[in-house]
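Written below as C-alpha cells is the structure these notes are about.
The values are calculated or read from the model by the stated rules, or taken from the named source; none is laboratory data. Everything quoted here is computed from the prediction, not taken from an experiment. All Cβ positions, glycine included, derive from the backbone under ideal geometry; neighbour counts span all protein chains shown.
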Amino acid sequence: MAKRIVSGDCWGLIIDVQDFFLSQIDKRIRSKIETNVNNFARLLGYFRVPVIATLERPVDEKGSLPEEIRKHVGAAAKIFEKDFFDITREEQIGNYIARLNKRQAIVAGCETDVCVLQSCLGLLDRGHEVYVVEDLLFSSSRTIEAAIARMKTEGIIFLTYKTLYYELIEAVEGAPHRDKVLKRFGPFPDDLPDTAV
C-alpha cells in the first residue's frame, strides 16, 4: 500500500539545528540549510502541523535554534533539550509525542548519521511512519550514504522539500487545487517557495 502524508495525522521534527553543528559545515551549505529548515517550519506552521525541535545538551555550548527558525516554528512548537541521540529515549519527549496521537513523523536536521538515524529508528520502533526530508539533512561527516541506506532498508521514506510541499497541499481533503487549501488555512504565504534552495 502506497504511503502518503496526511496533513491531519503528521508532526514535524527538527533535530539539533544548532550553531555547534552548523559551524562544522561549509558556509554555503549552512546558509541553504538554515533557509530550507526555516521554510520547512513555515510550511508546517501554515498547515497547522505540530512541530518538535530538539537541542542537544549542553545548550550553552552547542547553541539554540537559530532565531529566524525559532520565529517560524511558532508558539505552538515544542522545544526540548536532550541527552540521548535517539529522541524516543527521552521520557519527556516520548510522552509528548504519544500525546500528539499522530502516526506520521516528518524529520529534518542533523546529524544524519547519528541523531537523525537513531531517532528515526526509535520512531519506527514506536510504530510511526517516518518521512525524512533529504534536502534538509546535514552532518559533519562526508560519508552519510551508509546511514541513509540503513534508514531506507528499515522502511524510512525519503522525500524532498518540494515533494512535501505539494503532498501537503494535495492532502487537504483531496484538494485538486489550492482553493480548498486557501479556504481551510487562509492566504498562502506568497514568499514561501515550493523547492529547497
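Quick notes on this structure:
- When each of Val114, Val181 is tested for being modelled with pLDDT under 95, in a helix (DSSP H, G or I) and either surrounded by 16 or more Cβ atoms within 10 Å (Cβ to Cβ) or in contact with a Pro (Cβ under 8 Å, 6 or more places away or on another chain) (or both), the lone residue that passes is Val181.
- Options Arg103, Arg142; residue that is farther than 20 Å from Ile157 by Cα and either surrounded by fewer than 23 Cβ atoms within 10 Å (Cβ to Cβ) or not polar (S, T, N, Q) (or both): Arg142
- Tally of residues being of a type in the set (Gly, Ala, Ser), touching a helix residue (DSSP H, G or I) at 6+ places or on another chain (Cβ under 9 Å) and surrounded by fewer than 23 Cβ atoms within 10 Å (Cβ to Cβ) across the range 31-54: 1
- Qualifying residues in the range 105-133 (those that are small (Gly, Ala, Ser) and touching a residue at least 60 places away in the same chain (Cβ under 8 Å)) - the one nearest to Thr143 (Cα to Cα): Gly109
- Hits in the range 54-112 - residues which are within 18 Å of Arg126 (Cα to Cα), of a type in the set (Gly, Ala, Ser) and in contact with a strand residue (DSSP E or B) (Cβ under 6 Å, 6 or more places away or on another chain): Ala105
Yes/no matrix, rows are residues, columns are (1) under 24 Å from Glu34 (Cβ atoms); (2) outside any loop (DSSP other than H, G, I, E, B); (3) at pLDDT 95 or above:
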{"residue": "Ile106", "(1), (2), (3)": "yes, yes, yes"}
{"residue": "Gln118", "(1), (2), (3)": "yes, yes, yes"}
{"residue": "Thr143", "(1), (2), (3)": "yes, no, no"}
{"residue": "Phe158", "(1), (2), (3)": "yes, yes, yes"}
{"residue": "Glu167", "(1), (2), (3)": "yes, yes, no"}
{"residue": "Gly174", "(1), (2), (3)": "no, no, no"}
{"residue": "Pro187", "(1), (2), (3)": "no, no, no"}
{"residue": "Val197", "(1), (2), (3)": "yes, no, no"}
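- Meets criteria (modelled with pLDDT under 95, among the aromatic types (Phe, Trp, Tyr) and closer than 27 Å to Lys102 by Cα) for Phe47: yes
- Per this entry, Asp135 is not counted among residues that are surrounded by 16 or more Cβ atoms within 10 Å (Cβ to Cβ), assigned to a helix (DSSP H, G or I) and either charged (D, E, K, R) or under 12 Å from the mean Cα position of the chain (by Cα) (or both).
- Between Glu91, Glu68, Glu81, the distinction of being farther than 27 Å from Thr143 by Cβ, surrounded by fewer than 17 Cβ atoms within 10 Å (Cβ to Cβ) and either among the aliphatic types (A, V, I, L, M) or without any contact (Cβ under 8 Å) to a residue 24 or more places away in the chain (or both) belongs to Glu91 only.
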